[in-house]
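Everything on this sheet refers to the single structure shown next.
The values are calculated or read from the model by the stated rules, or taken from the named source; none is laboratory data. Owing to the predicted nature of the structure, the values given are computational and were not obtained by experimental measurement. Ideal geometry is used to build each Cβ from the backbone, glycine not excepted, and the neighbour counts take in all protein chains shown.
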Amino acid sequence: MDWITTLFVAVSLSLDAMAVSLGVGATCFCKPPRAKLRLAFHFGLFQCLMPILGWIAGSSINRFISQIDHWIAVILLAYVGFNMIRSGFNPGAKIHSVDPSRGKTLVILSIATSIDALAVGLSLAMLQINILAPALTIGIVTFGLSMLGLFAGNLMGSKFGQKMEILGGLILNGIGLRVLLTHLV
């Protein structure tokens, strides 16, 4: 696979992580540089590892994964998205009760934004394309775009407050809906 194609694949796979980063950044919970690095690193790591896992699995489980991957992503994104919306409508609540750059929420968001990369890895295995360069490129691009989303989200969150948390939750649910519609149509 040539570098231009690899870059386009990396950017397209990274857009979900960037949108989630924008929403998380808007909560102003990920203001410290360490939290930003942790979230962006995990998004990049999962986006790098998922195509490798898909490539290793090859075509033997392609039918099984392709039938449920979108449901997994939708459920995970809806869970986090609805919690953000609920928190945004509760003016007395903290902006976010759990740090999205740590623990279970970090893992859920990382998996949800990288499920489609698993399918890309399966596809590359079927095309007999070496996975190392595309996987590393996907991870690096995801890290960079996630950092950009976190910084932009922080700027908007500081200006608009809890309304941005509602918007972030709506973005996550919108991404989940897009994933579902893409697989069903």
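Kindly check whether there is at least one residue in segment 99-106 that is buried (at least 22 other Cβ atoms within 10 Å of the Cβ) and at pLDDT 90 or above. Steps first, answer last, please.
Start the filter on segment 99-106 by keeping residues that are buried (at least 22 other Cβ atoms within 10 Å of the Cβ), which leaves 100-101.
Subset that is at pLDDT 90 or above: none.
For segment 99-106, residues buried (at least 22 other Cβ atoms within 10 Å of the Cβ) and at pLDDT 90 or above: absent.
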Seminar exercise, completed: With the first residue restricted to segment 170-181 and required to be under 9 Å from Val74 (Cα atoms), and the second required to be in a helix (DSSP H, G or I) and of a type in the set (Asp, Glu), Cβ contacts under 7 Å at 6 or more apart or on different chains are Ile175/Asp16
Exercise. Quick one: in segment 1-33, which of the residues that are among the β-branched types (Val, Ile, Thr) and more than 30 Å from Leu127 (Cβ to Cβ) is nearest to the chain's Cα centre (by Cα)?
Worked result: Val24
Seminar exercise, completed: Restricted to segment 122-139 and to residues being assigned to a helix (DSSP H, G or I) and at pLDDT 85 or above, the residue surrounded by the most Cβ atoms within 10 Å (Cβ to Cβ) is Ile138
Exercise. Hey, does segment 140-151 have a residue that's at pLDDT 90 or above, crowded, with 17+ Cβ neighbours inside 10 Å and not in a helix (DSSP H, G or I)?
Worked result: no
Seminar exercise, completed: Of those in segment 152-165 that are under 15 Å from Pro100 (Cβ atoms) and at pLDDT 75 or above, the residue surrounded by the most Cβ atoms within 10 Å (Cβ to Cβ) is Gly153
For this session: Find the residue count for segment 1-55, including only residues that are surrounded by fewer than 23 Cβ atoms within 10 Å (Cβ to Cβ) and within 20 Å of Arg178 (Cβ to Cβ).
Result: 6
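Among the residues of segment 128-144, how many are of a type outside the set (Val, Ile, Thr) and in contact with a Leu (Cβ under 7 Å, 6 or more places away or on another chain)? Spell out how you get there, then give the answer.
So in segment 128-144, the residues of a type outside the set (Val, Ile, Thr) come out as 128, 130, 132-136, 139, 143-144.
Pick out the ones that are also in contact with a Leu (Cβ under 7 Å, 6 or more places away or on another chain) and you get 134, 139.
Residues flagged as of a type outside the set (Val, Ile, Thr) and in contact with a Leu (Cβ under 7 Å, 6 or more places away or on another chain) within segment 128-144 amount to 2.
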